[in-house]
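**Q** Pasting a structure here, questions to come.
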């Protein structure tokens, strides 16, 4: 028999705290669709995705109804296209992206991830074709998301790839200038990319994974914030150890809900259940914000001194709660701080509390990195590459995942606004400091070697 | 052995269960199941017991009344069928229905009428009405068994429609979600 308080606390999480399952992502392997004939390949991947995922949305809707918890996004991730479609040219890669887009539309998912390449140590011909295809592929599709892993703790940092990507990001922004460079919002550049992330734009199905896998992304920044607010209302003198314990317990609850629903959907589809990625992922709505948690903890806003310590506390407590709740915790699992997707973080940027440099510092203790950051359109490709390289270095040296999703907004300057719409939100354009002059460092190319694993300090 | 069900009602105070079970013990009865609850100082207990073949409900009831005369209890004893009664042959799944909203007469009657019409069985009901318009003070929680052959979405639609008429917010959720979130 359930107790009243158990039932009422769950209802409260649903009614007022935005508890939801942020995404159920079906990973589908395309590796056995390989062919050097473009039509044959695109037909095969289209058929594979549609046959595997055709019941995904219906099953998610049924689970949503059964448990009364919204499943906000249903998505598909596929094997890295640079591997699956290795024989093709960059023009042909664009056609592959368009086939993925059609398949995603056919199964009614809002995003499909996996237009991806893994180039941390070197760029193969398929990788190069995919990277060259990025601007056109992202500008001519709606649902396709791309990710490029350019660095890893084991391999080092591929500066050739980073230089190339700086240019491709500029080109992608230019092709979607009418929409503030929207194509760049669908491209993540990673260090240490996990194989099982369910969240976009970084989702792809790793080559070490099964034929089809369900990974779920649970969120719940609103639940964490309200739990802190409630506890502080009862006892205003809670210390940080007590608050950490509270976040941990809350993360446990949220993870358990995600795993239950994920397993239900996986069973319905007859595929393996992969991981729960417990990430505090905001949406551009009041009460569903990671930034608001900083304020509940007592900071004026994200970005002021103390923010990195606060984020370290949040991120660690979330991981501990998640790891206790499920043996299948994976993906990124931590806190996201995407600027445009979080009203509160976006406001902190507008008020000048948060700069790119502070964001970079924050990313050393949280999931992902410089995420959904709008910068001036006249930022050079080399400066972009420099920002990416800095972010990758943080991940490589600290043995963690980091990423960038930066949008150089064509024709707009720092202080102006960029609008991406929907979940991607809107943001003030943040200034990039110290960006004048040439950047010979990023032009040198080559590989920054992998770091030593002793003498840590 | 014969099987009986005994219900006991009365003002709550120390000693009710002690007096009832002492008599049962003396008369060689074995308690199989017992459940008790208290609502606003009123005690209510249900005992399922087995006892000697010669015993009959009336005698048991008289003996219990005599043994608890100071406690002023209302006692009822009934013989039970040996074979368990099954209200459905379908397998059932446990769900939880919750409502919140301003108090008025007939809320339980109208919600349970919908449940009865859809062959849904209530296994636990906790309703707290403290009056007024504050929804937090007027909550009903029904734990129910829904047969696998029921149409869940029809039930949900019927509940939502009825709840809207009554100005209530209603939720129908599988019990697993509450257990997953709250229990290790």
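**Q** Does residue A:374 meet the test of being surrounded by 18 or more Cβ atoms within 10 Å (Cβ to Cβ) and either more than 25 Å from residue A:244 (Cβ to Cβ) or modelled with pLDDT of 95 or more (or both)?
**A** In short, yes.
**Q** (1) without any contact (Cβ under 8 Å) to a residue 12 or more places away in the chain; (2) assigned to a helix (DSSP H, G or I): which one isn't true of residue A:1, the others all being true?
**A** Failing condition for residue A:1: (2).
**Q** Could we say that residue B:89 is part of a loop (DSSP other than H, G, I, E, B) and either surrounded by 17 or more Cβ atoms within 10 Å (Cβ to Cβ) or within 14 Å of another protein chain (Cβ to nearest Cβ) (or both) here?
**A** no
**Q** Ok, one more. Can you work out which of the residues in segment A:57-68 that are surrounded by fewer than 24 Cβ atoms within 10 Å (Cβ to Cβ) and away from chain B (no Cβ under 13 Å) is nearest to residue A:37 (Cα to Cα)?
**A** Here the residue is A:57.
**Q** Give the residues of segment B:63-75 that are closer than 20 Å to residue B:12 by Cα and either at pLDDT below 90 or surrounded by 13 or more Cβ atoms within 10 Å (Cβ to Cβ) (or both), sorted by residue number.
**A** B:64, B:65, B:67, B:68, B:71, B:73, B:75
**Q** Follow-up. Of everything in segment B:136-159, what is over 15 Å from residue B:114 (Cα atoms), assigned to a helix (DSSP H, G or I) and facing chain A (nearest Cβ under 10 Å)? Give them in sequence order.
**A** Hit for segment B:136-159 is B:136, nothing else.
**Q** Right, next: Can you tell me which residue is nearest to the other protein chains (Cβ to nearest Cβ) among those in segment A:15-38 that are modelled with pLDDT under 85 and assigned to a helix (DSSP H, G or I)?
**A** Among those that are modelled with pLDDT under 85 and assigned to a helix (DSSP H, G or I), it is A:15.
**Q** Let me ask something additional. Output the number of residues of segment A:241-288 satisfying the condition of being in a helix (DSSP H, G or I), away from chain B (no Cβ under 11 Å) and more than 21 Å from the chain's Cα centre (by Cα).
**A** Count: 13.
**Q** Can you find even one residue in segment B:56-67 that is outside the structural domain of residue B:120 (by TED's automatic domain parsing) and part of a strand (DSSP E or B)?
**A** no
**Q** Regarding residue A:455, is this residue surrounded by fewer than 19 Cβ atoms within 10 Å (Cβ to Cβ), modelled with pLDDT of 90 or more and more than 18 Å from the chain's Cα centre (by Cα)?
**A** no
**Q** It is to be established whether one or more residues within segment B:94-102 are more than 10 Å from chain A (Cβ to nearest Cβ) and over 19 Å from the mean Cα position of the chain (by Cα).
**A** Yes, the conditions are met somewhere in segment B:94-102.
**Q** Take segment B:22-35 and flag every residue that is loosely packed, with under 14 Cβ neighbours inside 10 Å and in contact (Cβ under 8 Å) with a residue 12 or more places away in the chain.
**A** B:22, B:28, B:30, B:32, B:33
**Q** Looking only at segment B:160-177, which residues are within 13 Å of chain A (Cβ to nearest Cβ), in a helix (DSSP H, G or I) and more than 14 Å from residue B:93 (Cα to Cα)?
**A** B:160
**Q** Give the residue that is surrounded by the fewest Cβ atoms within 10 Å (Cβ to Cβ), with candidates limited to residues of segment A:206-226 that are touching a helix residue (DSSP H, G or I) at 6+ places or on another chain (Cβ under 9 Å) and part of a loop (DSSP other than H, G, I, E, B).
**A** Restricting to residues being touching a helix residue (DSSP H, G or I) at 6+ places or on another chain (Cβ under 9 Å) and part of a loop (DSSP other than H, G, I, E, B), the top hit is A:207.
**Q** Tell me, please, whether a residue that is surrounded by 15 or more Cβ atoms within 10 Å (Cβ to Cβ), touching a helix residue (DSSP H, G or I) at 6+ places or on another chain (Cβ under 8 Å), within 14 Å of chain A (Cβ to nearest Cβ) and outside any strand (DSSP E or B) can be found in segment B:108-122.
**A** No.
**Q** Is it the case, given these coordinates, that residue A:226 is more than 14 Å from chain B (Cβ to nearest Cβ) and closer than 17 Å to residue A:6 by Cα?
**A** So residue A:226 passes the test.
**Q** Based on what the data block shows, is residue B:19 surrounded by 14 or more Cβ atoms within 10 Å (Cβ to Cβ) and over 24 Å from the mean Cα position of the chain (by Cα)?
**A** no
**Q** Something else about it: Which of the residues that make up segment A:160-195 are surrounded by fewer than 24 Cβ atoms within 10 Å (Cβ to Cβ) and under 19 Å from the mean Cα position of the chain (by Cα)?
**A** Passing the criteria: A:182, A:192, A:194, A:195.
**Q** Quick one: is residue A:193 within 23 Å of residue A:75 (Cα to Cα) and part of a loop (DSSP other than H, G, I, E, B)?
**A** Criteria met by residue A:193.
**Q** Among the candidates A:288, A:277, A:196, A:229, single out the residue that is touching a helix residue (DSSP H, G or I) at 6+ places or on another chain (Cβ under 6 Å), closer than 26 Å to residue A:371 by Cα and not assigned by TED's automatic domain parsing to the domain that holds residue A:116.
**A** A:288
**Q** For segment A:142-190, which positions are over 27 Å from residue A:109 (Cα atoms) and either modelled with pLDDT under 95 or in a strand (DSSP E or B) (or both)?
**A** A:150, A:151, A:152, A:156, A:157, A:158
**Q** Just to check your reading of the model, which residue among A:340, A:333, A:326 is under 26 Å from residue A:434 (Cα atoms) and either within 14 Å of chain B (Cβ to nearest Cβ) or surrounded by 22 or more Cβ atoms within 10 Å (Cβ to Cβ) (or both)?
**A** Criteria check complete, one pass: A:340.
**Q** Restricting the search to segment A:69-80, which residues are farther than 10 Å from residue A:265 by Cβ, crowded, with 20+ Cβ neighbours inside 10 Å and either more than 24 Å from the chain's Cα centre (by Cα) or within 14 Å of chain B (Cβ to nearest Cβ) (or both)?
**A** Matches in segment A:69-80: A:69 only.
**Q** Could you tell me whether segment A:407-423 includes any residue that is touching a residue at least 40 places away in the same chain (Cβ under 8 Å) and closer than 30 Å to residue A:452 by Cα?
**A** Within segment A:407-423, not a single residue is touching a residue at least 40 places away in the same chain (Cβ under 8 Å) and closer than 30 Å to residue A:452 by Cα.
The values are calculated or read from the model by the stated rules, or taken from the named source; none is laboratory data. Please read these numbers as outputs of a predicted model, since none were measured by experiment. Counting neighbours? That spans all protein chains shown, and the Cβs are built from the backbone with ideal geometry, glycine included.
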